[in-house]
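Student: Below are the structure tokens for one structure; questions will follow.
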Amino acid sequence: MAKDGLNTEFRLVGTRPNRPDGLDKVTGRARYGADFSLPGMLHGAVLRSPHAHAKILKIDTSKAEALDGVKAVVTRADFPEGLEGEDWNLQENTMAGDKVLYDGHAVAAVAATSKLLAEEAVRLIEVEYEVLPHVIDVDDAIKPDAPVIREGASDASVPEGMPPNVVRYMEFGRGDLEAGFAAADLVRENTYKTEATHQGYIEPHACVGQMGSDAKGEMWVCTQGQWFIRKMCCAVLGLEASQLRVTPSEIGGGFGGKTTIFMEPLSLALSRKANGRPVKIVMSRSEVLRATGPTASGSMDVKIGMKKDGTLTAARAEFRMQGGAFPGAPVDMALYCGFAPYKLDAVEHVGYDVLANRPKCAAYRAPGSPMGAFAVESLIDEMCRELGLDPVEVRMKNAVREGDQSSYGPKFGSIGLVEVLEAVKGHSNLAEPLGPNQGRGVASGYWFNHNGETSVSMSIAADGTVQVSVGTPDIGGSRASLSLMVAEHLGIPYEDVRVNVVETGSLGENEPTHGSRATFASGKAAILSTDQAIKEMCRRAANEWGIDPEAVEWADGAAQPAGPNAGKFPPMSIKEIAGKMGETGGPISGHHESLPEGVGASFGAHVVDVEVDPETGLTKILRYLVVQDAGRAIHPSYVEGQYQGGAVQGIGWALNEEYIYGEDGRLQNPIFLDYRIPVASDLPMIDTVIVEVPNPGHPYGVRGVGETGITPPLPAIASAIHQATGARLRHLPMTPQKVRAAMKAQDS
Amino acid sequence: MSKHHVTTTVNGDAVEFLADPRETLLDCLRDHVGLTGTKEGCGTGDCGACSVELDGTLVCSCLVLGVEANGKTVNTIEGMASGDALHPLQRKFIEHAALQCGFCTPGILVAAKALLDKNPDPTEEEVRYWLAGNLCRCTGYDKIIRAVMDAAAELREAA
Ligand code: FES
Ligand code: FES
């Protein structure tokens with residue numbers, strides 16, 4: 001169960017105040033990417049490839065350029081040459097070079113005085129293609145006769161003789177696998193497949209870029225990471241990073257998909273060609289689906305040995321993933337996370353990162369982990385059923401604890417998997433009786449959490465209120481949790497703290513809000529910054545009192561003599577100290593930058609009850625429970641929100657969502673009508689239990705809560721469908737058609 | 001293409017603008033009237049982020065042409081609060097943490113208000129089906145549904 005009583009130690013941490021940006025967001029005032037405009041601004045549009053794979057023979061932009069109101073046209077010829085590695089990948093993905101590599105790949109871009117004109121101009125660009133054979137599926141892409149997407153794309157990890165579309169290879173593990181499988185009472189091996197999905201943020205990518213012939217520029221953009229945008233745009237365009245200033249807008253969801261660049265460099269390239277007039281580019285939904293985001297798709301073999309009592313004896317995973325036409329499928333993460341909840345002495349992992357004619361994959365919530373979990377957790381469940389074992393008990397029996405070596409190597413610090421599983425066992429949802437055509441599934445999930453480069457400043461205003469500048473955009477309420485922590489630490493009201501997400505000119509480099517790091521890393525850095533200001537305030541009080549600064553401590557929002565020997569002085573409040581800081585030595589502020597240490601991993605477990613319509617194969621979610629270790633919930637409502645949102649994204653991945661390609665290699669479902677994400681009427685309430693096993697590496701025990709929740713739904717729902725129908729689905733999504741077919745197959 | 005002169009009432013104010021006949025009401029509100037609270041998530045009528053009321057009817061403003069608003073009354077998210085006083089739905093959304101990124105929020109608030117204007121005492125299922133055309137990718141809808149139900153209860157008490 002949640003460790004009750006933890007919250008009472010705090011005045012503010014663990015409470016649920018209104019978020020500071022709430023008013024702007026319910027009144028329509030909050031400014032998102034597309035809401036920003038500048039005087040003299042032009043509008044951009046992008047021409048995209050209709051082919052999955054083709055040579056570009058010729059691009060004729062003359063008709064577009066001749067159109068009245070068109071101010072600039074760019075193609076790859078406007079980009080610098082000679083880039084290498086990931087910089088080249090990013091440039092190639094921003095704008096195609098010799099070949100287009102996927103349906104939707106950018107080929108040219110136009111800036112004009114209106115969006116309609118820019119779109120008209122794009123249609124006037126003539127491109128001559130030589131269509132090449134393409135490959136979409138990961139298993140097809142490693143067949144000997146598969147079209148080669150890019151010669152020489154493989155890195156040094158790939159052994160001689162592998163198919164050319166394998167660009168990264170990995171194997172790692174430990175222990176005696178053979179002996180482990182020999183010691184098992186049951187050994188099973190199966191293959192599982194997941195399809196590519198999209199992060200599906202409702203806000204399409206949008207930016208305004210401005211750049212003069214002096215190569216100095218500015219950008220306003222919806223992003224999870226303004227410094228990543230700066231670094232990547234500059235790499236792709238051959239600019240100096242410090243000359244580009246990037247300001248993040250409010251962000252309408254990202255889930256990992258807004259940690260990289262897509263059309264942002266195009267706005268700068270167009271602006272430079274249009275004499276420095278700012279250029280706004282807003283993607284359409286179909287551009288978002290065709291050319292940004294998606295996850296990798298996976299084809300995964302898993303083999304597990306289990307004793308009759310449920311003890312795991314050995315495990316092996318071989319995962320193949322395609323992440324589009326560029327290296328970077330999160331096959332490593334999938335392998336690290338797959339067996340992470342289990343104590344294993346013999347384990348082997350093999351991974352292939354494979355190219356296919358699809359858009360370059362981007363991070364999506366716990367990248368890789370959901371696929372790995374689908375394969376591993378599904379097989380564990382199948383084996384539990386075969387041996388008549390309780391799936392929660394088996395997970396408990398094999399659960400990793402503090403000090404255990406993880407399946408992928410490092411030793412675990414303080415973790416809360418056992419506490420999570422105990423909370424699952426005690427939850428009332430497990431006691432709900434199941435009716436006909438109903439089933440229950442359980443699965444665990446894991447995410448490392450992340451620190452990352454972090455730089456935070458805070459300063460005290462003359463009225464004693466506090467501003468905090470962070471570099472991690474607020475996607476799900478992090479300004480509220482950061483304000484709570486700083487106010488708690490200073491002993492002042494929550495409302496007296498304002499947290500601002502600032503532009504790249506204001507702080508040292510920050511990694512994006514990704515890996516569930518904002519509340520952990522920016523939070524820790526904000527507290528360490530605050531410590532500096534507290535020290536300075538104590539020094540100012542000591543000066544005034546004429547005592548040693550060491551004899552002053554900070555408590556309840558005021559400097560106080562530290563014990564009777566320090567002398568008798570009334571507390572000097574933050575307001576008092578701030579009010580005279582002009583005379584006592586000037587501004588009081590604090591700053592901290594580091595790669596904050598002490599990341600705490602997060603385990604979760606979900607329980608889902610479904611009912612499957614035997615006629616249609618439609619799966620309805622009846623009940624859903626998320627249990628996850630938060631370390632500490634700073635603002636519990638937004639922790640619950642992360643759990644619920646993650647679970648529902650996982651439900652979509654499990655049941656409906658997939659990239660569907662035609663024979664021609666074109667994406668068949670590039671609108672929300674056909675790429676169907678869960679809607680309100682698909683779902684019940686999502687029950688949550690916040691387990692709190694504090695992370696000793698964070699002043700308030702924070703772990704990070706965003707990622708893990710998307711992982712367990714995929715296997716949990718597959719297992720629930722199995723119980724409801726007797727059919728095991730090993731290929732996502734489990735659409736009504738597939739479920740019906742699987743049910744029919746077992747009838748016959 | 002030559003532009004059309006459109007005269008409308010938006011959130012109670014008389015408004016005029018010039019619209020290209022290809023522009024949607026959503027484009028016109030955002031680009032010509034300067035009301036960017038209404039959002040575009042899809043442009044195809046599938047996400048509800050662009051929800052507004054047109055002569056009292058809930059519509060996706062991305063599926064209405066700007067010129068169609070001529071002589072009509074449009075209500076957007078910017079007109080939902082009366083002065084300083086938030087509509088109970090707006091207040092409950094903040095209190096229940098019914099938004100994360102907040103991008104879907106204007107459309108959902110406008111749609112939910114249209115529901116409560118019609119049906120002051122909806123069941124959870126009615127709220128879920130009414131809002132089925134409003135996509136939210138962040139919240140899993142749980143807190144949104146609770147906020148709408150709670151706002152409905154408060155409005156009933158006040159009535
Ligand atoms: S933008 Fe109109 S429904 Fe999505
Ligand atoms: S709160 Fe982000 S889409 Fe709903």
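The values are calculated or read from the model by the stated rules, or taken from the named source; none is laboratory data. Note that this is a predicted model, so its numbers are computed, not measured. Cβ sites come from the backbone with ideal geometry, for glycine too, and all protein chains shown count toward neighbours. These area figures cover heavy atoms from the full protein model, side chains too; ligands, DNA and RNA do not enter into them. Shrake-Rupley method; radii C 1.70, N 1.55, O 1.52, S 1.80 Å.
Student: Under the rule a/c < 1.5 gives rounded, and otherwise a/b versus b/c splits prolate from oblate, where does chain A land using the Cα gyration tensor?
Tutor: Oblate shape, in that a/c is at least 1.5 and b/c is the bigger or equal ratio.
Student: Further question: List the lysines whose alpha-carbon lies under 26 Å from that of A:Lys744, not counting same-chain residues fewer than 8 positions away?
Tutor: Partners found: A:Lys193, A:Lys620.
Student: Tally up the carbon and sulfur contribution to the accessible surface of the range B:88-158 as a whole percent, 1.4 Å probe, everything protein left in place.
Tutor: The nonpolar share, carbon plus sulfur, comes to 50 percent.
Student: Something else now. What's the FRET efficiency of A:Arg123 with A:Asp68 using the Cβ-Cβ distance as r and R₀ = 22 Å, to the nearest 0.05?
Tutor: After rounding, the FRET efficiency stands at 0.90.
Student: Same structure, new question: Search the structure for amide H atoms under 5 Å from the amide H of B:Lys72, placed 1.01 Å from N in the peptide plane, and list their residues when 5 or more places away or on another chain.
Tutor: Sorted by chain and number, the residues that satisfy this are B:Thr9.
Student: For A:Lys411, go through the aspartates and glutamates and keep the ones whose alpha-carbon is under 15 Å away, minus same-chain ones fewer than eight residues off.
Tutor: Leaving aside aspartates and glutamates fewer than 8 places away in the same chain, those within reach of A:Lys411 are A:Asp345, A:Glu402.
Student: What whole-number distance in Å separates the alpha-carbon centres of the range A:336-354 and the range A:257-288?
Tutor: For the range A:336-354 versus the range A:257-288, the Cα centre distance is 39 Å.
Student: Still on this structure: State in Å² the accessible area per residue of chain A; use a 1.4 Å probe, count heavy atoms of protein chains only, and round to the nearest integer.
Tutor: 34
Student: Now for a different question. At a temperature of 20 °C and a viscosity of 1.002 mPa s, determine how fast the range B:4-79 diffuses translationally according to Stokes-Einstein, using the Kirkwood radius over alpha-carbon pairs as Rh; express D in µm²/s, rounded to the nearest whole number.
Tutor: Approximately 182 µm²/s, per Stokes-Einstein.
Student: What percent do you get for the relative contact order of the range B:88-158 when only Cα pairs under 8 Å and 6+ apart count?
Tutor: Worked out over the range B:88-158, it gives 51 percent.
Student: What percent does the relative contact order of chain A come to when contacts are Cα pairs within less than 8 Å and at least six residues apart?
Tutor: That works out to 15 percent.
Student: Of all alpha-carbon pairs in the range B:88-158, indicate the percentage at a distance above 14 angstrom.
Tutor: Summing the P(r) tail past 14 Å for the range B:88-158 gives 51 percent.
Student: Also, I was wondering about something else. Show the residues, 5+ positions off or on another chain, whose built amide H is closer than 5 Å to the amide H of A:Ala72.
Tutor: A:Ala111
Student: Summed for both chains, how many Å² of accessible area, to the nearest 100, are buried between A and B with a 1.4 Å probe?
Tutor: In total, this chain pair buries about 4000 Å².
Student: Which pairs break 20 Å Cα to Cα here: A:Lys58/A:Lys99; A:Lys216/A:Lys280; A:Lys738/B:Lys143; A:Lys25/B:Lys118; A:Lys280/B:Lys39; A:Lys25/A:Lys524?
Tutor: In this structure, A:Lys738/B:Lys143; A:Lys25/B:Lys118; A:Lys25/A:Lys524 lie more than 20 Å apart at Cα.
Student: Please check the range B:67-115 for residues whose accessible area, probe 1.4 Å, is lower by 40 Å² or more when all protein chains are in place than in their chain alone.
Tutor: B:Ile94, B:Ala97, B:Leu99, B:Gln100, B:Cys101, B:Phe103
Student: What does the charge dipole of chain B about its Cα centre add up to, to the nearest 20 debye, if the Cβ of each Lys and Arg holds +1 and the Cβ of each Asp and Glu holds -1?
Tutor: Taking the Cα centre of chain B as origin, the dipole is about 220 debye.
Student: Also: Averaged across A:641-647, how many Cβ atoms of other chains sit within 10 Å of each residue's Cβ atom?
Tutor: 5
Student: Divide, for chain B, the radius of gyration over alpha carbons by 2.2 N^0.38 Å, where N is the residue count.
Tutor: It is 1.04.
Student: As an exercise, use a Förster radius of 41 Å and the Cβ-Cβ distance of A:Glu495 and A:Lys307 to find the FRET efficiency, rounded to the nearest 0.05.
Tutor: Approximately 0.10, to the nearest 0.05.
Student: Residues in the range A:535-569 near a label at A:Lys580, defined as backbone nitrogen under 12 Å from the 7 Å Cα→Cβ point?
Tutor: Output list for this probe position: A:540-546.
Student: I've got another one for you. Tell me, what is the 1.4 Å probe accessible area of B:His5, in Å² to the nearest 10?
Tutor: 100
Student: Rank B:Ala112, B:Leu89, B:Tyr129 by how far each Cα sits towards the positive end of the charge dipole of the range B:26-149 (+1 on Lys, Arg Cβ; -1 on Asp, Glu Cβ) and give me just the farthest.
Tutor: B:Leu89
Student: I would also like to ask the following. Points 7 angstrom from Cα along the Cβ direction at A:Lys55 and A:Asn18: gap in nanometres?
Tutor: My value for the distance between the label points is 6.4 nm.
Student: Still on this model: How much accessible area per residue does the range B:4-79 have, counting only protein heavy atoms and a probe of 1.4 Å, in square angstrom?
Tutor: Normalised by residue count, the accessible surface of the range B:4-79 is 38 Å².
Student: DSSP loop GluC sites (Glu not before Pro) in the range A:182-290 with at most 16 other Cβ atoms within 10 Å of their Cβ, which ones?
Tutor: In loop regions of the range A:182-290 (DSSP not H, G, I, E or B), the sparsely surrounded GluC sites (Glu not before Pro) are A:Glu240.
Student: Residue farthest toward the positive end of the dipole of chain A, with Cβ of Lys/Arg at +1 and Asp/Glu at -1: which of A:Leu344, A:Ile721, A:Ala633?
Tutor: A:Ala633
Student: Taking each residue of B:43-54 in turn, how many C-beta atoms of other protein chains fall within 10 Å of its C-beta, and what is the average?
Tutor: Shielding by partners across B:43-54 averages 3.
Student: If you don't mind, there's one more thing I want to ask. So if I place +1 on the C-beta of Lys and Arg and -1 on the C-beta of Asp and Glu, and nothing else carries charge, what would the dipole magnitude of chain A be about its Cα centre? I want it in debye, nearest 20.
Tutor: Result for chain A is approximately 940 debye, rounded to the nearest 20.
Student: Remind me, relative contact order of the range B:4-79 in percent, using alpha carbon pairs under 8 angstrom and six or more residues apart?
Tutor: After rounding, I find 40 percent.
Student: Further question: Give me the inter-chain shielding for B:125-133: mean count of other chain Cβ atoms within 10 Å, whole number please.
Tutor: 3
Student: On to the next question. Note down the magnitude of the dipole of the range B:4-79 about its Cα centre, charges +1 on Lys and Arg C-beta and -1 on Asp and Glu C-beta and zero elsewhere, to the nearest 20 debye.
Tutor: Value, rounded to 20: 60 debye.
Student: To continue, here is another question. For every helix of n ≥ 4 consecutive DSSP H residues, a contribution of -39,500 (n - 2.57) applies; sum these over the protein assembly as shown, divide by its total residues, and give [θ] at 222 nm rounded to the nearest 500 deg cm²/dmol.
Tutor: The helix contribution divided over the protein assembly as shown gives -8000 deg cm²/dmol.
Student: Which net charge results for the neighbourhood of A:Leu421, defined as the other residues with beta-carbon distances under 14 angstrom from its beta-carbon, given Lys and Arg at +1 and Asp and Glu at -1?
Tutor: Around A:Leu421, the charge tally is -1.
Student: Set the Förster distance to 45 Å, then compute FRET efficiency between A:Ser157 and B:His4 from the Cβ-Cβ distance, nearest 0.05.
Tutor: FRET efficiency, A:Ser157 to B:His4: 0.15.
Student: Another question, then. Is the C-alpha gyration tensor of the range A:214-330 telling us rounded, prolate or oblate? Criteria: a/c under 1.5 is rounded; beyond that, a/b larger than b/c is prolate, otherwise oblate.
Tutor: It comes out prolate by the Cα gyration axes.
Student: Does the range A:448-535 classify as rounded, prolate or oblate by the C-alpha gyration tensor (a ≥ b ≥ c root eigenvalues; a/c under 1.5 gives rounded; else a/b over b/c gives prolate, otherwise oblate)?
Tutor: Here the range A:448-535 falls in the prolate category.
Student: Rounded to whole Hz and in sequence order, give me ³J(HN,Hα) for the range B:56-62 from the Karplus expression 6.51 cos²θ - 1.76 cosθ + 1.60, θ = phi - 60°, writing x for Gly and Pro.
Tutor: Karplus values, whole Hz, x for Gly and Pro: x, 10, 6, 9, 7, 5, 7.
Student: Of B:Gly41, B:Cys28, B:Gln100, which is farthest along the charge dipole of the range B:19-130 in the positive direction, counting Lys and Arg as +1 and Asp and Glu as -1 at C-beta?
Tutor: Highest projection toward the positive end goes to B:Gln100.
Student: Also: So how much slack lies between A:Ser242 and A:Lys744, counting 0.36 nm per residue of separation and subtracting their Cα-Cα distance, in nm?
Tutor: The A:Ser242-A:Lys744 span can extend by a further 174.5 nm.
Student: Using a 1.4 angstrom probe on the protein heavy atoms only, could you order B:Thr123, A:Thr735 from most to least accessible area?
Tutor: B:Thr123, A:Thr735
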